[in-house]
Amino acid sequence: MLEALITSKTRIRMLIKFFIGPSNKGYLNGLASEFNESTNSIRKELNNLSDSGYLKKKKLNNKIIYKANKINPMFKILQKIVRQHLGIEEIVATIISKIGDVHEINLVGDYAKGKDSGLINIVITGKEIDRKYLDNLKVKLKNKIERDVEIQLNAKISKKCILLYKK
């Protein structure tokens, strides 16, 4: 979906990194290593996004740290677009409507850290969850959103998570 609108794969990865969760941050060399890209292409995208007001930058020691600018009027819109691109909106809507008594849905793992690894890890907290339907749902979601989905029930949630839904 986003590939048709934004032709730069580096920019798409940056949008995912910074807009999937507002607490995600990065710096030039770290992002170059994470994305396996040259520092020049990363620098170009960081400059474009920060000059446009989508990213904030802050100097810390000898590094410039970038993170999403949450007060930018486009922040919520970009976050929604990124989540729809990844299929997260679809996952949440399906879980809420058909699984059972869901209290919370949290995104954990690579995507919570802003890494587009292809495996979306979700932790569902709730009661009377239909496990059989959940197993079938994973296969359906994979075909629909073209990403693997791993769903855990009532599992311990790591520090690095993104709350997607709360009852």
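The values are calculated or read from the model by the stated rules, or taken from the named source; none is laboratory data. For clarity, every value in this text was computed on a predicted model and none was experimentally measured. Cβ atoms come from the backbone with ideal geometry, glycine included; neighbour counts cover every protein chain shown.
Checked against the criterion of being touching a helix residue (DSSP H, G or I) at 6+ places or on another chain (Cβ under 9 Å), among the hydroxyl-bearing types (Ser, Thr, Tyr) and either assigned to a loop (DSSP other than H, G, I, E, B) or touching a residue at least 40 places away in the same chain (Cβ under 8 Å) (or both), the stretch 11-31 contains not a single residue that satisfies it. Looking across the stretch 58-80, just one residue is surrounded by fewer than 11 Cβ atoms within 10 Å (Cβ to Cβ) and either of a type in the set (Ser, Thr, Tyr) or on the phi > 0 side of the Ramachandran plot (or both), and that is Asn61. For the stretch 1-31, the set of residues classified as under 11 Å from the mean Cα position of the chain (by Cα), at pLDDT 85 or above and either of a type outside the set (Phe, Trp, Tyr) or in the same structural domain as Asp110 (by TED's automatic domain parsing) (or both) consists of Arg13, Met14, Leu15, Ile16, Lys17, Ile20, Asn24, listed by residue number.
Results for (1) modelled with pLDDT of 90 or more; (2) under 17 Å from Leu28 (Cβ atoms); (3) more than 14 Å from the chain's Cα centre (by Cα); (4) of a type in the set (Ser, Thr, Tyr), shown as yes or no for each residue.
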residue	(1), (2), (3), (4)
Arg43	yes, yes, yes, no
Gly53	yes, no, yes, no
Lys67	yes, yes, no, no
Lys80	no, no, no, no
Ser97	no, no, yes, yes
Gly114	no, yes, no, no
Leu119	no, no, no, no
Ile129	no, no, yes, no
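Go through the stretch 38-154 and tell me which helices (runs of 4 or more DSSP H), entirely inside it, have 3 or more residues that are β-branched (Val, Ile, Thr).
Per the criteria, 75-86, 88-98.
Taking the condition among the aromatic types (Phe, Trp, Tyr), touching a Leu at 6+ places or on another chain (Cβ under 8 Å) and either closer than 29 Å to Ser52 by Cβ or not assigned by TED's automatic domain parsing to the domain that holds Leu55 (or both), does Tyr133 pass? When the stated conditions are applied, Tyr133 does not pass them.
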